[in-house]
């Protein structure tokens, strides 16, 4: 009995509600409002979700040097391995990116830093070993400073001549030898 | 091997053109060689990478340095922890304590230098460095004894007590 009574009561309420809605609205009115809502939706901003972290996770923040770095010509200052080189490029002085010109001696000490390779998007440890023993080559002088620090952190300063331990402290040019991949 | 040379001999203009092409392509070819080196590059773990960045410039990426100018680490650094005085010398090295690394990361670098790169009979029974030890050595005031003298005393002692090699005395600071 109770079930029958409840069913009738609900039926009555819903009928009353539907009739009131039908008398107060028109089909065209509903359509126009829905259409207006659809058209206006893009004009309002979406929910304020912070996407900055997701973006940072996929794209590393690049330095000015990294934005302009290239991987094809190691005789130009913007070659990716030269991110913190200060001096003449041995590639322009008869040597190579990791070899000294004939008649010069590679330094045993060096400036070590990390450079980002845009081709494979990995960071590599690069050692800027100086070639020593003859006067400066003076070709292709570059001064990039990604990660370089002032002389109060001498091991991270790229203005130092690293010819310690060689027979002469005379600086000729700098190489950019690849040490390995930085983890 | 002989065919291309014959071709250059017979057609000198072709040879000259090839030469010009080489000049134009040389930087690209060199950079391409570089990429081969990059593909074969070894990957270093966190402690090794920190060693390269914070120590490897002077001490050498392989731990080999000009021994008169910079103390040699490879196969030698481990001797320093065979004796408490030697270990205290390591704990008080200014460029170690002031390295821009966390206590845990610095402990990892010290363990790499002493027990892997500089592994020697002297380090065989020594305890590894911990973040706690690093924290304590950073909190301790720097010794007023000149660093060169501290090294000389520590090295002379480990040569006498542990039988460390006399080549540790090769370092002659100016």
Condition set crowded, with 19+ Cβ neighbours inside 10 Å and away from chain B (no Cβ under 11 Å), scope the range A:116-131, selection farthest from residue B:69 (Cα to Cα): answer is A:116
query: Does at least one position in the range A:98-114 carry a residue that is in a strand (DSSP E or B) and either under 20 Å from the mean Cα position of the chain (by Cα) or outside the structural domain of residue A:175 (by TED's automatic domain parsing) (or both)?
result: yes
Per the filter on the range B:137-174, residues loosely packed, with under 15 Cβ neighbours inside 10 Å, in contact (Cβ under 8 Å) with a residue 40 or more places away in the chain and closer than 29 Å to residue B:102 by Cβ are B:138, B:140, B:142, B:143
Restricting the range A:150-168 to residues that are modelled with pLDDT of 85 or more and either within 11 Å of chain B (Cβ to nearest Cβ) or surrounded by 18 or more Cβ atoms within 10 Å (Cβ to Cβ) (or both), the one farthest from residue A:127 (Cα to Cα) turns out to be A:167
The residue that is surrounded by the fewest Cβ atoms within 10 Å (Cβ to Cβ), considering only those in the range A:83-97 that are outside any strand (DSSP E or B) and within 13 Å of chain B (Cβ to nearest Cβ), is A:94
By residue number, the members of the range B:120-136 that are closer than 19 Å to residue B:46 by Cβ, within 20 Å of the chain's Cα centre (by Cα) and surrounded by 14 or more Cβ atoms within 10 Å (Cβ to Cβ) are B:129
Taking the range B:27-47 and keeping residues facing chain A (nearest Cβ under 8 Å), touching a helix residue (DSSP H, G or I) at 6+ places or on another chain (Cβ under 8 Å) and at pLDDT 90 or above leaves B:44, B:46
Restricting the range A:61-76 to residues that are surrounded by fewer than 15 Cβ atoms within 10 Å (Cβ to Cβ) and touching a residue at least 24 places away in the same chain (Cβ under 8 Å), the one nearest to the other protein chains (Cβ to nearest Cβ) turns out to be A:70
*asked:* I'd like to know if the range A:51-60 contains one or more residues that are closer than 30 Å to residue A:175 by Cα and either assigned to a loop (DSSP other than H, G, I, E, B) or modelled with pLDDT of 75 or more (or both).
replied: yes
Worksheet item: Taking the condition under 26 Å from residue B:173 (Cβ atoms) and either at the interface with chain B (Cβ under 9 Å from one of its Cβ atoms) or modelled with pLDDT of 90 or more (or both), does residue A:173 pass?
Response: no
When you check residue B:94 against the structure, is it within 14 Å of another protein chain (Cβ to nearest Cβ), modelled with pLDDT under 95 and exposed (fewer than 14 other Cβ atoms within 10 Å of the Cβ), yes or no? yes
**Asked** Quick check: anything in the range B:59-82 over 18 Å from residue B:172 (Cα atoms), assigned to a helix (DSSP H, G or I) and either out of contact with any helix residue (DSSP H, G or I) (no Cβ under 7 Å at 6 or more places or on another chain) or within 8 Å of chain A (Cβ to nearest Cβ) (or both)?
**Response** no
Query raised in the report: Quick check: anything in the range B:9-26 at pLDDT below 95, within 13 Å of another protein chain (Cβ to nearest Cβ) and closer than 18 Å to residue A:123 by Cβ?
Result: no
TODO: Taking residue A:134 as the residue in question, decide whether it is part of a loop (DSSP other than H, G, I, E, B) and surrounded by fewer than 23 Cβ atoms within 10 Å (Cβ to Cβ).
DONE: yes
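The values are calculated or read from the model by the stated rules, or taken from the named source; none is laboratory data. All of these numbers come straight from a predicted model, not from anything done at the bench. Reconstructed Cβ throughout: ideal geometry from the backbone, glycine too, with neighbour counts over all protein chains shown.
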